[in-house]
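Visitor: Sharing a structure, written as structure tokens. Questions coming.
The values are calculated or read from the model by the stated rules, or taken from the named source; none is laboratory data. All figures in this text were calculated on a predicted structure; none of them were measured in a lab. Cβ placement follows ideal geometry from the backbone for every residue including glycine, while neighbour counts extend to all protein chains displayed.
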Amino acid sequence: MSIKITDECINCGACEPECPNNAIYEGGVEWKIADGTEVSGSYTLMDGTIVDANETFSPISDDMYYIVPNKCTECQGFHEEPQCAAVCPVDCCVPDEMYEETVDELMAKKDKLHQ
């Protein structure tokens with residue numbers, strides 16, 4: 001499953017540079033699948049929607065850092081644990097029960113983001 005940032009976030013920004021998929025954004029910042037990945041052209045999101053990798057999406061949160069579930073792989077294939085959770089000083093990076101994925105699914109997503 002993806003990781004989410006809860007409203008206990010203190011906006012310290014420690015998590016953002018740790019993400020190997022560039023799935024973490026500061027509140028209010030727009031995001032793209034192509035940001036920090038090797039994806040170009042068409043990309044299929046988790047809900048089956050096909051988008052252009054360079055399409056800009058509205059921020060998921062305006063007030064605090066957020067994680068894009070379509071880019072989060074829980075650091076599978078990079079690290080033994082999610083790095084955002086490892087560095088968070090207030091333990092607000094937690095599993096997102098809305099996006100349950102197996103390790104195989106997370107690895108497939110990682111491979112898709114980093115071809």
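Visitor: Return the residues of region 57-70 that are under 15 Å from the mean Cα position of the chain (by Cα) and loosely packed, with under 14 Cβ neighbours inside 10 Å; say none if nothing qualifies.
Guide: Within region 57-70, SER58 is the sole residue that qualifies.
Visitor: Confirm whether THR37 is of a type in the set (Val, Ile, Thr), surrounded by fewer than 21 Cβ atoms within 10 Å (Cβ to Cβ), in contact with a strand residue (DSSP E or B) (Cβ under 6 Å, 6 or more places away or on another chain) and closer than 15 Å to HIS114 by Cα.
Guide: Considered against the rule, which asks whether it is of a type in the set (Val, Ile, Thr), surrounded by fewer than 21 Cβ atoms within 10 Å (Cβ to Cβ), in contact with a strand residue (DSSP E or B) (Cβ under 6 Å, 6 or more places away or on another chain) and closer than 15 Å to HIS114 by Cα, THR37 comes out as no.
Visitor: Does any residue of region 103-110 turn out to be assigned to a loop (DSSP other than H, G, I, E, B), surrounded by fewer than 20 Cβ atoms within 10 Å (Cβ to Cβ) and among the small types (Gly, Ala, Ser)?
Guide: No: region 103-110 contains no residue that is assigned to a loop (DSSP other than H, G, I, E, B), surrounded by fewer than 20 Cβ atoms within 10 Å (Cβ to Cβ) and among the small types (Gly, Ala, Ser).
Visitor: Now a separate question. Residue by residue through region 49-73, note down the ones that are more than 21 Å from VAL94 (Cα to Cα), part of a loop (DSSP other than H, G, I, E, B) and either among the aliphatic types (A, V, I, L, M) or modelled with pLDDT under 95 (or both).
Guide: Within region 49-73, just ALA53 meets the criteria.
Visitor: Right, next: Output the residues belonging to region 1-38 that are touching a helix residue (DSSP H, G or I) at 6+ places or on another chain (Cβ under 6 Å) and farther than 20 Å from CYS92 by Cβ.
Guide: THR37
Visitor: Now for a separate question. Among the residues that make up region 39-56, is at least one of them hydroxyl-bearing (Ser, Thr, Tyr) and within 14 Å of the chain's Cα centre (by Cα)?
Guide: no
Visitor: In this structure, does THR73 turn out to be touching a helix residue (DSSP H, G or I) at 6+ places or on another chain (Cβ under 7 Å) and either touching a residue at least 40 places away in the same chain (Cβ under 8 Å) or surrounded by fewer than 16 Cβ atoms within 10 Å (Cβ to Cβ) (or both)?
Guide: Judged against the criteria, THR73 is a match.
Visitor: So, one more: Out of (1) surrounded by 17 or more Cβ atoms within 10 Å (Cβ to Cβ); (2) assigned to a loop (DSSP other than H, G, I, E, B); (3) touching a strand residue (DSSP E or B) at 6+ places or on another chain (Cβ under 7 Å), the odd one out for GLY27 is which?
Guide: Condition (1) is where GLY27 drops out.
Visitor: Suppose we keep only residues that are of a type outside the set (A, V, I, L, M) and either within 18 Å of GLU80 (Cα to Cα) or under 8 Å from the mean Cα position of the chain (by Cα) (or both) within region 12-24. Which one would you say is surrounded by the fewest Cβ atoms within 10 Å (Cβ to Cβ)?
Guide: PRO17
Visitor: Something else now. Within region 82-102, track down each residue that is in a loop (DSSP other than H, G, I, E, B), surrounded by 11 or more Cβ atoms within 10 Å (Cβ to Cβ) and over 12 Å from the mean Cα position of the chain (by Cα).
Guide: Result: CYS88, VAL90, CYS92, GLU101.
Visitor: If you scan region 76-115, which residues turn out to be without any contact (Cβ under 8 Å) to a residue 12 or more places away in the chain and either among the charged types (D, E, K, R) or touching a Leu at 6+ places or on another chain (Cβ under 7 Å) (or both)?
Guide: Answer for region 76-115, where residues must be without any contact (Cβ under 8 Å) to a residue 12 or more places away in the chain and either among the charged types (D, E, K, R) or touching a Leu at 6+ places or on another chain (Cβ under 7 Å) (or both): GLU80, GLU81, ASP104, GLU105.
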